[in-house]
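The structure appears below as structure tokens.
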Amino acid sequence: MCYSIPGRVVSIDGRTIIIDYFGEQRRAVNEISNLKVGDYIYAQGGYVIDAVPDAEAQEVLALWKELFFELQERDQHLSGFKRMDKRAGDRLSLILERIVADEEEVAEEELLYLLNLEGKEDIARLMQAANYLRHKHLGNSCCIHGIIEFSNYCRQSCGYCGISARNKGLKPYRMTPEEVVKAACEAIDKYGFKALVLQSGEDSAYSIDNLCQIVSGIREREPALIFVSCGEVGLPGLQRLYEAGARGLLMRFETSNSRLYEQLHPGRRLDSRLEHLRAAFDMGYLLITGGLIGLPGQTREDILGDISLTKSLQAEMYSFGPFIPHPGTPLANSHSPAAAEVLKALAVARIVDARNAKIVVTTSFETLEKDARRQGLSAGANSVMISLTPDALRREYPLYPDRAHLNESLENQISDLLEILSDLGRAPTDIGVSHTAS
Ligand code: 5AD
């Protein structure tokens, strides 16, 4: 987004550099070969997007300086944790006190206790502790990704998914590679997006060559961090897409419970999904992954397993959203979870990966809960996505029904988001990278 702050390079160690933003330091992956200490850059999602000429950086920094410290103060004020007297404390207070003090690893059984909280006030205290940790370790940085959903064809039949091959009620669409490149370049050039996700169903009509043509077509024209999200393209396909310039993979494993996975994905295995994710990480991809919350038959133990699996995959970003039943699927008569289940999962993800995690507030959560962005960002999350899919096509990508923001122009979506971020004191300094393949 046009909403971003340049940082100054303070050290370079191979592909890893340290960047300073008004005295705060973040790590990022750099592939710009002639970058020197002292140069200014834009980074997003832990990846250096572009070098910025000194004069331009000074100008932008001068505009941001006052506002940045104002935002920092607002966030500090909003992310306090009210300490209790430990001796008088109940079990929740005792656990949260230890969590905010980063004293020792939180036991699995305690994390489960947190996911099992039911009372409104208790959940609010859990969110407060998670928000405190987010602020303590990652400051008020936030990241914004744009997503372009370029085809709603899918050969898979995932039991929950509205664009599954089984749903015959869809009006199919495919953007041509040229249309995708054009939409991406406009998002970067006109609106200032720096990180983009290119998503589609598993659509055999696009060969790996076509997908590579899209990725390289964007990267040759504009600086950006490109995530691909086109399902399981095979390991050679992933390698070719990396060579074409993709640096991120968005692919959820959906559930860490292999029995549930196989029920929901006929003929497919969780292991092969995980093999894809692990191989992508080893190739150098930044991973966004996670699962669905509230699937029929899923337990809170499963959700905790999902969070732990995301951490063990060294995901750069946690993507957890509610399952919302779609009428054109076999799960049409199931129920969505309560918003509190999502908030608890976001908060526990923050606790499990306090120092590193980028945690996104998903569009599915915004569909379930109008105030999802404010609530999610106040429960440990620090990232959001905006749909850049052309307006006329967006309603034909119904992963779930009544998707949020369907009738909002991009300009409105951006201005609403900036208002929320400003209210919460969040600034567009990069959060930094946490895991990279050696
Ligand atoms: N509810 C919520 N999320 C869904 N997705 C697919 N169907 C649904 C649904 N009914 C999510 C999946 C997939 C992503 C593209 O969309 O988790 O990974």
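The values are calculated or read from the model by the stated rules, or taken from the named source; none is laboratory data. The shown structure was predicted, so the numbers you read here are calculated from the model rather than taken from an experiment. Cβ atoms come from the backbone with ideal geometry, glycine included; neighbour counts cover every protein chain shown. The accessibility values were calculated without ligands, DNA or RNA, using every heavy atom of the protein model including side chains. Shrake-Rupley method; radii C 1.70, N 1.55, O 1.52, S 1.80 Å.
Scan the range 210-230 for residues that are open to solvent by less than 20 Å² (accessible area, probe 1.4 Å) and either more than 16 Å from the ligand (Cβ to nearest atom) or in contact with a Ser or Thr (Cβ under 8 Å, 6 or more places away or on another chain) (or both) and jot them down.
Of everything in the range 210-230, those that are open to solvent by less than 20 Å² (accessible area, probe 1.4 Å) and either more than 16 Å from the ligand (Cβ to nearest atom) or in contact with a Ser or Thr (Cβ under 8 Å, 6 or more places away or on another chain) (or both) turn out to be 211, 212, 214, 215, 217, 218, 224, 225, 226, 229, 230.
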Original post:
Hey, any hits in the range 137-153 for a residue that's assigned to a helix (DSSP H, G or I) and open to solvent by less than 30 Å² (accessible area, probe 1.4 Å)?
Top reply: yes
Original post:
Hey, residue 200 hits all of (1) within 23 Å of residue 431 (Cβ to Cβ); (2) touching a residue at least 40 places away in the same chain (Cβ under 8 Å) but one; which does it fall short on?
Top reply: (1)
Original post:
Does the range 162-177 contain at least one residue that is within 30 Å of residue 418 (Cβ to Cβ) and among the charged types (D, E, K, R)?
Top reply: no
Subject >> Residue that is closer than 20 Å to residue 134 by Cα, open to solvent by 60 Å² or more (accessible area, probe 1.4 Å), over 26 Å from the mean Cα position of the chain (by Cα) and modelled with pLDDT of 90 or more, where the choices are 94, 78 >> reply: 94
Subject >> Matching residues, the range 421-438, being within 17 Å of the chain's Cα centre (by Cα) and either open to solvent by less than 30 Å² (accessible area, probe 1.4 Å) or within 15 Å of the ligand (Cβ to nearest atom) (or both) >> reply: 421, 426, 427, 428, 429, 430, 431, 432, 433, 434
Subject >> Enumeration of residues in the range 374-400 that are open to solvent by less than 10 Å² (accessible area, probe 1.4 Å) and without any contact (Cβ under 8 Å) to a residue 60 or more places away in the chain >> reply: 376
Subject >> Condition broken by residue 144, with the remaining ones in (1) modelled with pLDDT under 95; (2) within 23 Å of the chain's Cα centre (by Cα); (3) under 18 Å from residue 354 (Cα atoms) satisfied >> reply: (3)
**OP:** May I ask you to verify whether residue 205 is surrounded by 16 or more Cβ atoms within 10 Å (Cβ to Cβ) and more than 13 Å from the ligand (Cβ to nearest atom)?
**Re:** no
Original post:
Out of all the residues in the range 158-193, which are within 15 Å of the ligand (Cβ to nearest atom) and under 22 Å from residue 288 (Cα atoms)?
Top reply: 158, 159, 160, 161, 162, 163, 164
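Yes/no matrix, rows are residues, columns are (1) open to solvent by 10 Å² or more (accessible area, probe 1.4 Å); (2) among the hydroxyl-bearing types (Ser, Thr, Tyr); (3) within 23 Å of the chain's Cα centre (by Cα); (4) closer than 28 Å to residue 220 by Cα:
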{"position": "104", "(1), (2), (3), (4)": "yes, no, no, no"}
{"position": "115", "(1), (2), (3), (4)": "no, no, yes, no"}
{"position": "122", "(1), (2), (3), (4)": "yes, no, no, no"}
{"position": "127", "(1), (2), (3), (4)": "yes, no, yes, no"}
{"position": "156", "(1), (2), (3), (4)": "yes, no, no, no"}
{"position": "162", "(1), (2), (3), (4)": "no, no, yes, no"}
{"position": "173", "(1), (2), (3), (4)": "yes, yes, no, yes"}
{"position": "201", "(1), (2), (3), (4)": "no, no, yes, yes"}
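Give the number of residues within the range 234-260 that are of a type in the set (Ser, Thr, Tyr) and either in a loop (DSSP other than H, G, I, E, B) or buried (at least 22 other Cβ atoms within 10 Å of the Cβ) (or both). Explain how you work it out, then say what you get.
Start the filter on the range 234-260 by keeping residues that are of a type in the set (Ser, Thr, Tyr), which leaves 242, 255-256, 258.
Those still in the list that are either in a loop (DSSP other than H, G, I, E, B) or buried (at least 22 other Cβ atoms within 10 Å of the Cβ) (or both) too: 255-256.
Number satisfying all stated conditions: 2.
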